[in-house]
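Student: Can you keep this structure in mind? I'll have questions shortly.
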Amino acid sequence: MEEKKKTSVVLKIALITICAHLVCGAGGLHAIPHLLNKIERIDTAAEVQIPSEFGKFILSVDDEAEDCDPWSELSDYSAAWADTGPEVDDTFREPFLNNRNVHLVQDGNITNILLIGCDSRDLSMRGRSDSIIILSVNRYTGALNMVSILRDTYVEIPGYENNKINASYAFGGMSLLDRTIEHNFGIHIDHNVCINFEGFLYAFTQIGDIEIDLYQAEADYLNKESPAGDWALVAGPNMLNPEMTLEYARARYVGNADWERTSRQRRVLLAAFNKCRASGLGSMLSLLDSITPYVATDMSNAQMVSLLTEAVNAGMNISVMRGFPESGMYEGTMIKGMSALIPDLDLISRTIHQILYGVD
């Protein structure tokens, strides 16, 4: 089944980032460096991008593929391009994207970390960004804000044909995804963190059960997905084990499609965050030690320790959790054979600017 092959791993990224914050308290700073050294480092300046002609040929990244890795099949793309070139539909007209008035906002007291959920099982294999969350640390208010961008959002990708936003990571890695977000939403991205499927499983195995309030359709769906048919979840509060949490987080066809899916990601994050805060330092260090091999980032140890310490000192209060585009901010349509959301980028950017920066 499709959902068996997919996982909303960004919630795992944010989980790791937030839990690392907890570990960096005064009593744990001395234990951090050797753990952080296990994290894979990405030099965004050296990330190789798929040539633009291939990006135009590969108009959409295959949402059905498991472990999609465009680079592994570049020779196939090259051969296909040489034989036929890209197919051109003379009747197709690009939808208008109203990002001409979108302006980039930056503030030295607000740090935005892009949390990238990679659907590849191997961090060295650059697949789609299955989930995208901006975790914003506000030093003015001490708040952590989480803003999701739905993966089907149709945007301008610098240097490539317009496409769904999750294609930009496959084409050009963290650096291109950052530029795509800045170009379309006017949000400056300071740092990136990526985690894969195995990292998610490890994280929740360590954390254990979390409490989630389900509505009836969600409970019915999860019971149906039970591997042994022995889940007995009901409407209302439930303790979800790691397997249940995984199914809950990636469920895309219960409720309002990807809007509820990203909402579930944030609810899982919040529940995990609250449980992590109640755990002892030893448990947090053990968790960090277990999951660091499944994480990649462009941050140095010094940047991580500094940022995490600031987050701890600020109180680590999660203030806003929203996903975009929201109702009234998009038009759903089929483009180039794929389902996509045509966003009102001007409205979305102004709304997110208000959430993250307090300005329009």
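Student: List the number of the failed condition for residue 274; all other conditions in (1) modelled with pLDDT of 80 or more; (2) within 21 Å of the chain's Cα centre (by Cα); (3) surrounded by fewer than 16 Cβ atoms within 10 Å (Cβ to Cβ) hold.
Tutor: Only one criterion in (1) modelled with pLDDT of 80 or more; (2) within 21 Å of the chain's Cα centre (by Cα); (3) surrounded by fewer than 16 Cβ atoms within 10 Å (Cβ to Cβ) is unmet by residue 274, namely (1).
Student: While we're looking at this one, here's another question. Any chance the stretch 150-159 includes a residue that's basic (Lys, Arg), assigned to a strand (DSSP E or B) and closer than 20 Å to residue 322 by Cα?
Tutor: Taking the stretch 150-159 and keeping what is basic (Lys, Arg), we get 151.
Keeping just the survivors that are assigned to a strand (DSSP E or B) gives none.
Checking the stretch 150-159: not a single residue is basic (Lys, Arg), assigned to a strand (DSSP E or B) and closer than 20 Å to residue 322 by Cα.
Yes or no, residue by residue, for (1) of a type in the set (Gly, Ala, Ser); (2) more than 20 Å from residue 131 (Cα to Cα); (3) assigned to a helix (DSSP H, G or I); (4) in contact with an Asp or Glu (Cβ under 9 Å, 6 or more places away or on another chain):
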position	(1), (2), (3), (4)
204	no, no, yes, yes
222	no, yes, yes, yes
233	no, yes, no, yes
237	no, yes, no, yes
246	no, no, yes, no
255	yes, no, no, yes
259	no, no, yes, yes
266	no, no, yes, no
269	no, no, yes, no
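Student: Under 7 Å between Cβ atoms, which residue pairs at least 6 apart in sequence (or on different chains) link something in the stretch 291-310 that is touching a residue at least 60 places away in the same chain (Cβ under 8 Å) with a partner that is of a type in the set (Asp, Glu) and in a helix (DSSP H, G or I)?
Tutor: Matching pairs, first to second residue: 294/198.
Every residue, every condition in (1) more than 20 Å from residue 148 (Cβ to Cβ); (2) modelled with pLDDT under 95; (3) not small (Gly, Ala, Ser), yes or no:
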{"site": "178", "(1), (2), (3)": "no, no, yes"}
{"site": "184", "(1), (2), (3)": "no, no, yes"}
{"site": "189", "(1), (2), (3)": "no, no, yes"}
{"site": "203", "(1), (2), (3)": "no, yes, no"}
{"site": "208", "(1), (2), (3)": "yes, yes, no"}
{"site": "213", "(1), (2), (3)": "no, yes, yes"}
{"site": "244", "(1), (2), (3)": "yes, yes, yes"}
{"site": "247", "(1), (2), (3)": "no, yes, yes"}
{"site": "256", "(1), (2), (3)": "no, yes, yes"}
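Student: Name every residue in the stretch 148-175 that is surrounded by 24 or more Cβ atoms within 10 Å (Cβ to Cβ), under 12 Å from the mean Cα position of the chain (by Cα) and among the aliphatic types (A, V, I, L, M), in order of residue number.
Tutor: Scanning the stretch 148-175 gives 149, 165, 174.
Student: So is residue 178 farther than 20 Å from residue 103 by Cβ, acidic (Asp, Glu) and under 13 Å from the mean Cα position of the chain (by Cα) or not?
Tutor: no
The values are calculated or read from the model by the stated rules, or taken from the named source; none is laboratory data. Computed from a predicted structure; not experimentally measured. No Cβ is skipped: glycine too gets one built from the backbone with ideal geometry, and neighbour counts run over all protein chains shown.
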